[in-house]
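Colleague: Sharing a structure here in structure tokens format.
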Amino acid sequence: NLRMLKDLVTRTGLSGMSPDDVSAILLRHAEPNQNGAGVLLRQETFGRCLADIAPSALDPAEMGTYTNLFMNFFSFFDNSCSALGKGLVDAKEVAVGFSFLCAGNKSTKLATAFELLDDAKTGHLCSIGLSRYLRSYLTMLVGISLLSESAEQTAATSRMLREQMRSDMFVAVENGSQWTRDQFINALEQ
């Protein structure tokens, strides 16, 4: 729903924020992963990020609607099949996904995403980093495609995803990111 997406990014201020600004907010609320790999964002902490992103001028009903939409975006990244556990997401992948909702051109958004996912700071993404980028992109596309005009429909979509389609969605996103990565790598090798 493009109208809903436009309203979401303009009313919350995302359309005026750079991907670096939004990434900084999300990563400020993140915590180190217990196993030392990456940074995690908890569902309850993500809710506090929204106060840093959305202006306080929104009325409570409007803020409730946008909070619900943002929490649905979070839930799309919350893969209960992953080793992270329920209610935990890779903060950098969420930041990459949210960069698509921010101000700036494709090159700026891509540069921010690559900088976030270049853990070795080599100036390029390894195969795993490319998979993470593609997974973030596809996850956000799924989330955007499921935007709804009303909070009731959004809540129903969220329940439906939890109850019926969540694992299929994650498998499709993972398969899509792996296939795209493999096609890209194969093209480079030829």
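Colleague: Counting only heavy atoms of protein chains, what accessible area per residue, in Å², does segment 1-155 have with a probe of 1.4 Å?
Modeller: Numbers: 7400 Å² over 155 residues.
So segment 1-155 comes to 48 Å² accessible per residue, rounded to a whole number.
Colleague: Evaluate the charge dipole of the chain about its Cα centre and quote only its size in Debye, nearest 20, assuming +1 on the Cβ of each Lys and Arg and -1 on the Cβ of each Asp and Glu. Intermediate values should be presented prior to the final figure.
Modeller: On the way: 17 positive and 21 negative charges, 12 e Å.
Here the size comes out at about 60 debye.
Colleague: Something else about it: Any idea what angle helix 43-53 forms with the longest principal axis of the chain, computed on alpha-carbon atoms, 0 to 90 degrees, nearest 10?
Modeller: Tilt of helix 43-53: around 70 degrees.
Colleague: Quick one: compute the contact order of the chain, relative version, from alpha carbon pairs under 8 angstrom and 6+ residues apart, as a percent.
Modeller: On the way: 222 pairs, mean separation 48.5, N = 190.
26 percent.
Colleague: May I pose another question? Can you list which of the GluC sites (Glu not before Pro) found in segment 27-128 are DSSP loop residues with at most 14 other C-beta atoms within 10 Å? Walk me through the numbers before you get to the answer.
Modeller: Working: sites: Glu44, Glu62, Glu93, Glu115; in loops: none.
Filter output for segment 27-128: empty list.
Colleague: Which number gives the lysine pairs in the chain that have C-alpha atoms under 29 Å apart and are eight or more places apart or on different chains?
Modeller: Lysine pairs meeting both conditions in the chain amount to 9.
Colleague: How much mean residue ellipticity at 222 nm does the chain get from its helices, if each DSSP H run of length 4 or more adds -39500 (n - 2.57) and you divide by all residues, to the nearest 500 deg cm²/dmol?
Modeller: Calculated at 222 nm, the ellipticity per residue is -21000 deg cm²/dmol.
The values are calculated or read from the model by the stated rules, or taken from the named source; none is laboratory data. Since we're looking at a predicted model, the values are computed, not measured. Every residue, glycine as well, gets a Cβ built from its backbone with ideal geometry; the counts of neighbours run over all protein chains shown. The area values use the complete protein model at the heavy-atom level, side chains included, leaving out ligands, DNA and RNA. Shrake-Rupley method; radii C 1.70, N 1.55, O 1.52, S 1.80 Å.
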